[in-house]
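Colleague: Sharing a structure here in structure tokens format.
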Amino acid sequence: MPVIEITITNSSEETKRALIERLTADAIEITQIPASEFFVLIHELERENIGRAGRTCADIMAEMGR
């Protein structure tokens, strides 16, 4: 039971579907393990819970107009 884990900020359902599809496809190609064996776990964090260079990502993104 291979498990792929990724931690990202809150994302759309479309983004999560694409991540699951592509991460699984790459892992199948590399390992030759069938898709039915893979689990993909997406951990989402609020931007307020991520820091870079002493500031929250929420503050950084706000400055960028995002």
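Colleague: Using a 1.4 Å probe over the heavy atoms of the protein chains, calculate the carbon and sulfur portion of the accessible area of the chain as a whole percent. Please report the intermediate quantities before stating the final value.
Modeller: Values: 2640 of 5170 Å².
Carbon and sulfur atoms account for 51 percent of the accessible area of the chain.
Colleague: Find the Cα radius of gyration of the chain, compare it with 2.2 N^0.38 Å by division, and give the number to two decimals.
Modeller: Details: Rg = 15.3 Å, N = 66, 2.2 N^0.38 = 10.8 Å.
Taking the Cα Rg and dividing by 2.2 N^0.38 Å, one obtains 1.41.
Colleague: Looking at ILE20, ILE33, ILE8, which one has the Cα that reaches farthest to the positive end of the dipole of the chain (charges on Cβ: Lys, Arg +1; Asp, Glu -1)?
Modeller: Selected residue: ILE8.
Colleague: Another question, then. Over the chain, with the other protein chains present, what is the accessible area per residue in square angstrom, probe 1.4 angstrom?
Modeller: In whole numbers, the chain has 78 Å² accessible per residue.
Colleague: For the chain, what does the helix formula give at 222 nm: sum of -39500 (n - 2.57) over DSSP H segments with n ≥ 4, over the residue count, nearest 500 deg cm²/dmol? Intermediate values should be presented prior to the final figure.
Modeller: Values: 2 runs with 26 residues, N = 66.
Counting only the DSSP helices, I get -12500 deg cm²/dmol.
Colleague: Net charge near THR9, counting Lys/Arg +1 and Asp/Glu -1 over other residues with Cβ under 13 Å of its Cβ?
Modeller: Details: positive: LYS16, ARG47, ARG52, ARG66; negative: GLU44, GLU46, GLU48.
Charge balance in the 13 Å sphere: +1.
The values are calculated or read from the model by the stated rules, or taken from the named source; none is laboratory data. Just so it is clear, the structure is predicted and the values come from calculations on it, not from any experiment. As a convention, Cβ positions derive from the backbone with ideal geometry for all residues, glycine included, and neighbour counts pool all protein chains shown. SASA here: full protein model, heavy atoms, side chains in, ligands and nucleic acids out. Shrake-Rupley method; radii C 1.70, N 1.55, O 1.52, S 1.80 Å.
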